[in-house]
Amino acid sequence: MIEKITLSEIPTNAFPDRYHHSIPLSYLWRKTPDVIWLTDQQGGFACYHPNTGFCMAAPETVDFIPWAKWIFQEKIPLMAGERKLHFRLLQVLGQIIPEEAPIQALCRYEFQDFCLHQTPLSPLDSQLQIQQAEQKDVNRLFYFYKRSETMEARSIESLQQTIQKDKLFYIQKMGKILSASLTHCETPDAALIGGVYTPKANRGKGYGKACVHALMEALKKEGKTPCLFYEQNNQAARALYKSLGYTPYGEWVIAELIYQPNKPS
């Protein structure tokens with residue numbers, strides 16, 4: 001049985017991997033409100049937040065059925081985390097829903113390469129104007145991301161939280177934003193980078209690389225290891241992050257769950 005617990009009830013070793021578990025560890029560190037904390041009382045723990053979805057940590061002997069039932073019952077729309085564990089959970093979710101159930105769950109998922117940067121950061125020769133975002137920039141950045149094909153900001157409020165608590169760097173020329181990157185979450189020793197976006201018209205000019213490099217530089221100064229993920233079939237992203245010195249650390253899966261009425265055949 002899955003139970004909701006309070007932040008104070010979570011043991012210090014509940015999320016043992018500082019990189020794969022950077023999302024829940026960030027919430028624990030900052031005591032983030034509106035996070036649902038869960039346990040199966042068998043060594044498995046998870047968190048859910050609307051911005052980042054469901055993320056869990058559990059031993060290899062975990063019973064996935066109670067977790068899958070909880071996800072279906074609560075209609076959780078998003079899951080993100082280490083591939084092996086979370087993909088097995090998705091498989092079990094697909095198995096426990098009867099074909100005649102009045103509600104069905106459709107799943108769209110993508111496998112991601114998860115990488116770290118653990119070496120000194122090489123200097124980047126760039127004359128671009130790169131700056132860290134402030135609250136006064138939030139509207140411009142929201143509409144900048146709104147043009148993206150895949151990473152539209154969920155809300156102005158979520159972008160405000162990113163600027164206030166995490167980091168967002170952007171490049172502009174003549175008042176026009178050309179590229180941006182941010183951290184989804186940070187802990188005392190790691191940071192999950194994402195939101196790397198350059199409009200098609202500005203790609204191939206080194207803007208994205210320079211923007212990520214500036215963000216990494218700020219993180220390194222704070223003693224944080226940059227980590228990130230990208231779709232496995234995205235060769236441009238693979239080449240970009242390899243050129244910046246990232247090395248593989250495993251795989252993730254990002255899954256979107258859509259719940260809809262079962263149509264009779």
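The values are calculated or read from the model by the stated rules, or taken from the named source; none is laboratory data. Bear in mind the structure is a predicted one, so any value in this text is a computation, not a measurement. So basically every Cβ, Gly included, is an ideal-geometry build from the backbone, and we count neighbours across all protein chains shown.
State yes or no: is Pro199 surrounded by fewer than 22 Cβ atoms within 10 Å (Cβ to Cβ), more than 26 Å from Phe15 (Cα to Cα) and in contact (Cβ under 8 Å) with a residue 40 or more places away in the chain? Steps first, answer last, please.
Values: surrounded by fewer than 22 Cβ atoms within 10 Å (Cβ to Cβ): yes; more than 26 Å from Phe15 (Cα to Cα): yes; in contact (Cβ under 8 Å) with a residue 40 or more places away in the chain: yes.
Yes, satisfied.
Got at least one residue in segment 208-222 being of a type in the set (D, E, K, R), in a loop (DSSP other than H, G, I, E, B) and at pLDDT 95 or above? Explain how you work it out, then say what you get.
Of the residues in segment 208-222, the ones of a type in the set (D, E, K, R) are 209, 217, 220-222.
Restricting the remaining residues to those that are in a loop (DSSP other than H, G, I, E, B) gives 222.
Checking the rest, the ones that are also at pLDDT 95 or above come to 222.
Among the residues of segment 208-222, at least one is of a type in the set (D, E, K, R), in a loop (DSSP other than H, G, I, E, B) and at pLDDT 95 or above, which makes the answer yes.
Go through segment 90-120 and count every residue that is under 18 Å from the mean Cα position of the chain (by Cα) and in a helix (DSSP H, G or I).
Residues that pass the stated criteria total 1.
Within segment 33-56, how many residues are surrounded by fewer than 18 Cβ atoms within 10 Å (Cβ to Cβ) and in contact (Cβ under 8 Å) with a residue 12 or more places away in the chain? Step through it out loud before you land on a result.
Initially, segment 33-56 is screened for residues surrounded by fewer than 18 Cβ atoms within 10 Å (Cβ to Cβ), giving 33-34, 36, 41-43, 50-51.
Now drop any that are not in contact (Cβ under 8 Å) with a residue 12 or more places away in the chain, which leaves 34, 36, 41-43, 50-51.
Residues flagged as surrounded by fewer than 18 Cβ atoms within 10 Å (Cβ to Cβ) and in contact (Cβ under 8 Å) with a residue 12 or more places away in the chain within segment 33-56 amount to 7.
Does segment 14-34 hold any residues that are in a loop (DSSP other than H, G, I, E, B) and within 21 Å of Trp252 (Cα to Cα), and which are they?
The first filter runs over segment 14-34 and keeps only residues in a loop (DSSP other than H, G, I, E, B), leaving 14-21, 31-34.
Answer for segment 14-34, where residues must be in a loop (DSSP other than H, G, I, E, B) and within 21 Å of Trp252 (Cα to Cα): Ala14, Phe15, Pro16, Asp17, Arg18, Tyr19, His20, His21.
Specify which of the listed residues (Thr150, Thr187, Thr183, Thr162) is loosely packed, with under 12 Cβ neighbours inside 10 Å and within 14 Å of the chain's Cα centre (by Cα).
Working: Thr187 fails: loosely packed, with under 12 Cβ neighbours inside 10 Å; Thr183 fails: loosely packed, with under 12 Cβ neighbours inside 10 Å; Thr162 fails: loosely packed, with under 12 Cβ neighbours inside 10 Å.
Unique residue meeting the criteria: Thr150.
Only one of Tyr249, Tyr230 is among the aromatic types (Phe, Trp, Tyr), out of contact with any helix residue (DSSP H, G or I) (no Cβ under 8 Å at 6 or more places or on another chain) and either closer than 22 Å to Asp113 by Cβ or in a loop (DSSP other than H, G, I, E, B) (or both). Can you tell me which?
On the way: Tyr230 fails: out of contact with any helix residue (DSSP H, G or I) (no Cβ under 8 Å at 6 or more places or on another chain).
Matching residue, one of Tyr249, Tyr230: Tyr249.
Please give the strands (runs of 3 or more DSSP E) falling wholly within segment 130-196 in which 1 or more residues are of a type in the set (Phe, Trp, Tyr).
168-173
Filter segment 164-196 down to the residues that are without any contact (Cβ under 8 Å) to a residue 40 or more places away in the chain and polar (S, T, N, Q), then identify the one that is nearest to Tyr143 (Cα to Cα).
So, considering only residues that are without any contact (Cβ under 8 Å) to a residue 40 or more places away in the chain and polar (S, T, N, Q), the one nearest to Tyr143 (Cα to Cα) is Ser179.
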